[in-house]
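The values are calculated or read from the model by the stated rules, or taken from the named source; none is laboratory data. The structure presented is a predicted model; accordingly, all values stated were derived computationally and were not measured. Every residue, glycine as well, gets a Cβ built from its backbone with ideal geometry; the counts of neighbours run over all protein chains shown. These area figures cover heavy atoms from the full protein model, side chains too; ligands, DNA and RNA do not enter into them. Shrake-Rupley method; radii C 1.70, N 1.55, O 1.52, S 1.80 Å.
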Amino acid sequence: MRIDRVEATSIFDTRGRATVETTLFAHTFSATASVPSGKSTGEYEACELRDPDGGVTRAVANVNGEIARALTGQRFESLDALDAFLVSLDGTPDKSRLGANALLSVSIAAMRLSALLEGVPLWGAIAKRAGTTPAAPRLYVNVMNGGAHASFKLPFQEYILVISGETPSAFSMAQEMFTKLGERLGRVPMGDEGGYAPTFDTLERPFELLAELVKEFPNTSIAIDAAASQLFHDDTYRLLGKSYTPEELARLYKSLAARFPIDSIEDPYDENAHTDFTRLTAMIGEKILIIGDDLTVTNPTRIKEAARNKEINSVLIKPNQIGTVGEALQAVREVSAARLKTIASHRSGETEDTFIADFAYGVGAYGLKAGGFAQKERLLKYNRLVAIGDEAGTV
Ligand code: PGA
Ligand code: ZN
């Protein structure tokens with residue numbers, strides 16, 4: 001593939017913060033990609049380059065300047081070669097020189113452009129590149145937002161409905177559940193990921209509410225993202241004003257998993273608490289998914305390590321945690337090689353880019369986390385998944 005022109009600009013994400021959008025041109029074709037941005041970010045994520053005032057002028061300037069000069073007129077044998085070139089151009093281990101946000105916008109746009117040039121759907125091009133079998137993921141719909149996404153109103157960051165089945169019916173079932181939950185909660189604020197942001201007096205209440213809903217709908221269950229790095233202070237975890245030791249927290253998770261239809265717990269411990277992860281996975285990992293996010297940060301090396309120590313049995317994959325599509329696909333390969341499950345994920349600051357839906361379908365991910373239904377940017381991902389299902393039936 002030969003790139004004729006590179007153009008980047010800054011757009012606003014769902015939080016009204018600036019993020020990078022890049023368009024690549026080849027022949028008469030062009031492809032645009034924009035990158036999401038996290039708030040409860042992992043310590044070991046690749047560096048999102050921000051100006052001191054929070055803007056992305058430097059990241060955009062890096063795409064329009066150094067990256068554009070290096071790519072324009074260049075022919076790349078493969079997308080992997082292009083991504084490797086971007087990584088080496090940056091030259092730092094955490095992509096802090098040019099910015100992982102700058103690099104990923106180019107990497108996704110290149111993947112999209114290449115699919116266009118080949119005349120194949122994006123999810124098909126991703127599957128071919130990754131050597132995976134495309135399949136529809138389960139929907140992980142974040143219906144109640146807490147933690148860093150809603151001023152820490154709820155004990156855990158995310159309360160999720162997990163819905164399996166054919167995408168269109170799973171999607172409409174999820175919407176019905178979302179509406180019903182809203183009616184039961186009454187007027188409450190909304191959180192960063194397009195879900196409700198209520199307050200509860202007890203740890204159990206949100207689980208009871210969701211369990212009642214799950215009982216009414218087949219093939220559904222509950223998931224949480226504890227995002228526990230955010231709860232960790234002075235060697236203990238704070239939940240609703242009470243402190244838990246790692247052992248006490250393990251007992252709490254075990255009892256919640258025994259009483260409620262829980263599918264998974266993401267980041268149950270701080271990102272550096274490796275032995276606590278291993279103990280919990282040994283304790284309840286046969287029954288539910290223990291998912292690494294801040295723990296593994298889509299980093300192939302960290303995933304390998306966590307798998308070897310049996311810290312988790314599933315991994316969240318967020319391309320912007322690592323900075324190129326090629327490395328995110330390598331992370332998926334590590335997950336499969338270790339026989340763990342892949343859950344593809346959006347970020348709490350999102351754009352209208354639906355790449356993550358194609359990514360989830362293309363790699364045949366077990367699940368897709370794309371937020372609640374009160375924000376268009378989240379809905380677009382689910383809608384794209386429905387459209388992919390139609391495309392897959394015809395191509
Ligand atoms: P973030 O949250 O995008 O703010 O990091 C999402 C998550 O923790 O899964
Ligand atoms: Zn998470």
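Selection within segment 269-285: residues that are among the hydroxyl-bearing types (Ser, Thr, Tyr) and under 23 Å from the mean Cα position of the chain (by Cα). The member of this set that is most open to solvent (accessible area, probe 1.4 Å) is THR278.
Scan segment 356-369 and give yes if some residue there is within 24 Å of GLY99 (Cβ to Cβ), over 14 Å from the mean Cα position of the chain (by Cα) and part of a loop (DSSP other than H, G, I, E, B), otherwise no. Looking through segment 356-369, none of the residues is within 24 Å of GLY99 (Cβ to Cβ), over 14 Å from the mean Cα position of the chain (by Cα) and part of a loop (DSSP other than H, G, I, E, B). For GLU216, indicate whether it is within 24 Å of SER172 (Cβ to Cβ), among the charged types (D, E, K, R), in the same structural domain as VAL143 (by TED's automatic domain parsing) and within 23 Å of the chain's Cα centre (by Cα). No, not satisfied.
Taking strands (runs of 3 or more DSSP E) as the structural unit, those lying wholly within segment 241-350 and holding at least 1 residues that are among the aliphatic types (A, V, I, L, M) correspond to 262-266, 289-292, 314-317, 341-345. For segment 177-197, what are the residues that are more than 16 Å from ligand 2 (Cβ to nearest atom) and surrounded by 14 or more Cβ atoms within 10 Å (Cβ to Cβ)? Matches in segment 177-197: MET177, PHE178, LYS180, LEU181, GLY182, LEU185, VAL188, MET190, TYR196, ALA197. If I filter segment 259-268 for residues that are more than 16 Å from the chain's Cα centre (by Cα) and within 16 Å of ligand 1 (Cβ to nearest atom), do I get at least one hit? Yes, segment 259-268 contains a residue that is more than 16 Å from the chain's Cα centre (by Cα) and within 16 Å of ligand 1 (Cβ to nearest atom).
With respect to the stated conditions, VAL106 fails to be β-branched (Val, Ile, Thr), under 30 Å from PRO198 (Cα atoms) and buried (at least 21 other Cβ atoms within 10 Å of the Cβ). Could you tell me whether any residue of segment 13-24 is more than 30 Å from GLY147 (Cβ to Cβ) and surrounded by fewer than 17 Cβ atoms within 10 Å (Cβ to Cβ)? So far as segment 13-24 goes, no, none of its residues is more than 30 Å from GLY147 (Cβ to Cβ) and surrounded by fewer than 17 Cβ atoms within 10 Å (Cβ to Cβ). Restricting the search to segment 206-244, which residues are of a type in the set (Asp, Glu) and within 16 Å of ligand 1 (Cβ to nearest atom)? ASP225 - this is the single residue of segment 206-244 that is of a type in the set (Asp, Glu) and within 16 Å of ligand 1 (Cβ to nearest atom). Taking segment 294-307 as the range and being in contact (Cβ under 8 Å) with a residue 24 or more places away in the chain and open to solvent by 10 Å² or more (accessible area, probe 1.4 Å) as the test, the residues that pass are ASN299, PRO300, ARG302, LYS304, ALA307. Identify the residue in segment 217-268 that is in contact (Cβ under 8 Å) with a residue 60 or more places away in the chain and open to solvent by 50 Å² or more (accessible area, probe 1.4 Å) and, among all such residues, is nearest to GLY285 (Cα to Cα). The residue in question is GLN230. When ASN62, ASN101 are screened for being within 16 Å of ligand 1 (Cβ to nearest atom), within 18 Å of SER34 (Cβ to Cβ), at pLDDT 95 or above and part of a helix (DSSP H, G or I), only ASN101 passes. Hey, can you tell me all the residues within segment 323-333 that are buried (at least 24 other Cβ atoms within 10 Å of the Cβ) and charged (D, E, K, R)? Correct list: GLU327 only. Of the listed requirements (1) surrounded by 15 or more Cβ atoms within 10 Å (Cβ to Cβ); (2) within 24 Å of GLN330 (Cβ to Cβ), GLU77 misses just one: (1).
Yes or no: segment 69-81 includes at least one residue that is over 30 Å from ASN145 (Cα atoms), part of a helix (DSSP H, G or I), in contact with a strand residue (DSSP E or B) (Cβ under 7 Å, 6 or more places away or on another chain) and not small (Gly, Ala, Ser). Looking for residues that are over 30 Å from ASN145 (Cα atoms), part of a helix (DSSP H, G or I), in contact with a strand residue (DSSP E or B) (Cβ under 7 Å, 6 or more places away or on another chain) and not small (Gly, Ala, Ser), one finds at least one in segment 69-81, hence yes.
The sole residue among ALA174, ALA150 that is under 17 Å from ALA374 (Cβ atoms), open to solvent by less than 40 Å² (accessible area, probe 1.4 Å) and at pLDDT below 95 is ALA150. Just to be sure, is MET144 touching a residue at least 40 places away in the same chain (Cβ under 8 Å) and assigned by TED's automatic domain parsing to the domain that holds GLU176? Yes.
Checked against (1) within 16 Å of ligand 2 (Cβ to nearest atom); (2) open to solvent by less than 20 Å² (accessible area, probe 1.4 Å), ASN320 passes all but condition (2).
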